[in-house]
1. Quick one: count up the residues across the range 276-309 that are modelled with pLDDT of 90 or more and surrounded by 10 or more Cβ atoms within 10 Å (Cβ to Cβ).
2. Using the structure shown, decide if PHE258 is surrounded by 18 or more Cβ atoms within 10 Å (Cβ to Cβ), hydrophobic (A, V, I, L, M, F, W, C), in contact with a strand residue (DSSP E or B) (Cβ under 7 Å, 6 or more places away or on another chain) and at pLDDT below 70.
3. Going residue by residue through the range 355-376, is there one that turns out to be surrounded by fewer than 12 Cβ atoms within 10 Å (Cβ to Cβ) and within 29 Å of the chain's Cα centre (by Cα)?
4. Just to be sure I understand, how many residues within the range 378-396 are over 22 Å from the mean Cα position of the chain (by Cα) and in a helix (DSSP H, G or I)?
5. Which of the numbered conditions does LYS201 fail, given that it passes all the others? Conditions: (1) basic (Lys, Arg); (2) out of contact with any helix residue (DSSP H, G or I) (no Cβ under 7 Å at 6 or more places or on another chain); (3) not assigned by TED's automatic domain parsing to the domain that holds LEU113.
6. When the residues of the range 150-175 are narrowed to those that are in contact (Cβ under 8 Å) with a residue 24 or more places away in the chain and in contact with a helix residue (DSSP H, G or I) (Cβ under 7 Å, 6 or more places away or on another chain), which ends up nearest to TYR117 (Cα to Cα)?
7. For the range 15-55, name all the residues that are farther than 30 Å from LYS325 by Cβ, modelled with pLDDT of 65 or more and in a loop (DSSP other than H, G, I, E, B).
Amino acid sequence: MALVKKLYDYTESDFYKAELMKNYEISEFINNFKQFIEIKQFQDSNLLSFKRKTAQQYVGIINYKNKIIIEIPTIIPTEKILQIWILTHNNLDFKIFDEINSYSVSKTSILYLIELYLLSLNTLIKSGLNKSYISITKDLKRIKGKINIRRTIQNNLKNCGIKINCAYKEFTEDILLNQIIKFCLIKLSYIADFDQKSKIKKYLSYFNKISNLKRINLTIFNRITYHRLNKKYELIHLLSKFIIENSFIDNKKGRFNFFNFLIDINSLFEKFVRNLLDKFKPPEYFIQKREKIYNSENFFKLKPDIIIKKNEKIVLALDCKFKSKVKREDRFQIVTYGNFFNFDKGVLIYPENASKIDPQLVKTNPIKINQQGRAFRILIKLIDLEKLDEISLKKFSEDIFKLC
C-alpha cells in the first residue's frame, strides 16, 4: 500500500509526483474528489498539489487505486472522529475504548480502524461465537433426520451405491453472524500491518468451520435482527458494514483495497451531541429529532439541530457547530430560534479542541443581544472531543440540562 499522506503535511512547495498515473487517471482523480479537496495540476506536468476545502467539513481517507492516498484531517485526530462515529452509531457504548486508548495513534487511520475491529472481535471471541440450527439436505449412507423418498429413489437409479437423501438440522457456528466477520477478516488481512496480520491469522483459526462468503451486499445486514442473545455482535457488525461499504475488489489483481471513507463531520457532531443528551437526560426531559418546524401560517420553517422538551413543552433550542470560533451567522441563527419560540436564551455548542473562542464567553459572559425590546442571551458551551469517557460526557450533558 502507498504511504498515507496527511493533507496538512502539504505546503505550497510540496507537490505529489503523479508519475505512476496516466493522463486519464489524473483527470478521473480530480473529477472524483474535487468536491472534498482542491487539486491543482501543473501545466505540461504530472505534478499535483492538494489543499483542503475549508467550505467542506469532510474528514477521512481518499485512496485512488493505491497510487494516491491522502488523509484529510480536522481539528481533532481522525482516530477520534472514528471513535465519535462508533459511539454515535453504537448507543454510546464506551467499553471498547478502554483498550484502544492505549494503542498508538501515530499510525494511519486505516490501521487504527483495523485495531478497533480486532479488539471488538477479541471481546466477542471471549464470550463465545453464537451457534444456531440450520437446515441441511444431503445424501448420506445412514439415515439422519427425515428421508426424502423421491430423491433417494432418483439417486439410487443413477448410482450403484446406496445413498439416502436426508433433511436434518445441525447446531453449528456456520451462520451469517459469523460468516460476515470471517469475510471481513480475510479482506482486512490485505491491508493490515505485520502485527495485525499475525492477529488476524490467529483469529481466523476460530472460524475454520465457517463458510467463506465470496461477496457481501450491504443489504445482507437487513436480514439480521439483534436481540438479547446476539446483541454482542452489534459493534463488530457495525464496523464490518463500514469496512464493506468503503472498500472494493480490484478485479484485475483479485485483491481487496480499502477505498475511501469520508465523514461529514458537521452532521456527525450534531448526531453525537443529540445522542449524548438523549442518553443522559433526566426522566422528565425529551430530546426531539431534527425536523422542520413551521410557523402558524405554515410558511416560515426552522430546523434547529436539537430541541429539548420538558413535560411536553419546548424549553431550549441548541445548535451544534463544528468550528473553532463563533461566527456572525451562528449568532443570527440561534437568535432566530429564540424569537420563534419566545425564549430569552439559546445555546451554541462547539468543540473545545483548537477553539479560538474567548473563555470568558463560555464561563461568565454570554453574548447579550437586544432583540425586539427584550434581552436575549447566547450561551456558548464547549465539549472536549479528546475526552470521550463516560464521566466527562455525562458531566457535559448535566451542564446543558441545568440551562433548561
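The values are calculated or read from the model by the stated rules, or taken from the named source; none is laboratory data. For clarity, every value in this text was computed on a predicted model and none was experimentally measured. A quick note on method: Cβ atoms are made from the backbone with ideal geometry, for glycine too, and the neighbour counts reach across all protein chains shown.
1. Residues in the range 276-309 being modelled with pLDDT of 90 or more and surrounded by 10 or more Cβ atoms within 10 Å (Cβ to Cβ): 16 in total.
2. Here the answer is yes, as PHE258 does meet what is asked.
3. yes
4. Number of matching residues: 3.
5. Single failed check for LYS201: (3).
6. Ranking the qualifying residues of the range 150-175, first place goes to ASN165.
7. MET21, LYS22, PHE42
Matching residues to (1) loosely packed, with under 15 Cβ neighbours inside 10 Å; (2) within 30 Å of LYS197 (Cβ to Cβ):
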{"position": "TYR117", "(1), (2)": "no, yes"}
{"position": "LEU121", "(1), (2)": "no, yes"}
{"position": "THR137", "(1), (2)": "yes, no"}
{"position": "LYS141", "(1), (2)": "yes, no"}
{"position": "ASN148", "(1), (2)": "no, no"}
{"position": "ARG151", "(1), (2)": "no, no"}
{"position": "GLN154", "(1), (2)": "yes, no"}
